Amino acid sequence: MYRIKIICVGKIKKKYWLEAIAHYAKMLTPMMRIDAYSVKDCPHAEGEERKRTESARILEKVGPRDTLVALHETGALMNSREFAAFARPLFENPQGECCFAIGGALGLSPELLARADSLLSLSPMTMPHELAQVVLYEQLFRAMTIMANRTYHY
């Protein structure tokens, strides 16, 4: 069974986002363990200071041997089959876990982006971190079905 981390800035407050994430998390349970972390946002800090503080909190959850995938607007755009091919070796890494980082309202710091092993874009459009989490969970489920040669991804 694969084990990954999803680390996001800010707590999800709306029930419908939580329900959507729970739906995909439940479907993923037989295939992978997801350790989801929410780090405190810094709404009173500004600009680069806010990004640095929030990103530092994310990095505290990333182990030295973990593979860090930062979700960022400049990241690679992939279709679902490409994402499955990209994710498989990350999931199978015996040295550490695959960690997906989702930034807050202002994004991720240059320091976190420099530490990241890969940058991934879910869309060229900007979206709230809650929606990004839902899309990531759904695409993880889709990738797992592709890797298992199941038909969900059609």
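No value in this document is a laboratory result; all are computed from the given coordinates. Model, not experiment: these values are computed from the prediction. Note that each Cβ is placed from the backbone with ideal geometry, even for glycine, and that neighbours are counted across all protein chains shown.
When only the Cβ of Lys, Arg, Asp and Glu is charged (+1, +1, -1, -1), the dipole of the chain relative to its Cα centre reaches about 500 debye. Write down the percent of antiparallel bridges among all DSSP beta bridges whose residues are both part of the chain, to the nearest 5. Bridges in the chain that DSSP calls antiparallel: roughly 5 percent. Looking at the chain as a GNM with Cα springs under 10 Å, which of 24, 137, 16 has the largest mean-square fluctuation? So, out of 24, 137, 16, the one fluctuating most is 16. Region 32-75 and region 128-154 have Cα centres spaced 21 Å apart. Rounded to 0.05, the FRET efficiency of the residue 93 and residue 150 pair, given R0 = 25 Å and the Cβ-Cβ distance, is 0.60. For the chain, the equivalent ellipsoid built from the Cα gyration tensor has semi-axes of 24, 17, 14 Å, listed from largest to smallest. Diffusion coefficient of region 65-113 by Stokes-Einstein, Kirkwood radius over Cα pairs, 37 °C, 0.692 mPa s: 273 µm²/s.
Of the residues 23, 129, 44, the one that moves most in a GNM of the chain with alpha-carbon contacts below 10 Å is 44.
Considering only 32, 125, 78, the Gaussian network model of the chain with Cα springs below 10 Å gives its largest mean-square fluctuation to 125. As a size descriptor, the averaged projected area of the C-alpha convex hull of region 85-154 was calculated at 5.7 nm².
For region 25-66, a/c is not less than 1.5, where a ≥ b ≥ c are the root eigenvalues of the C-alpha gyration tensor, and a/b does not top b/c. That puts it in the oblate class.
Projecting the Cα atoms of 106, 9, 147 onto the charge dipole of region 2-147 (Cβ charges, centred on the Cα centre) puts 147 farthest toward the positive pole.
The percentage of C-alpha pairs in region 3-77 whose separation is greater than 21 Å is 40%.
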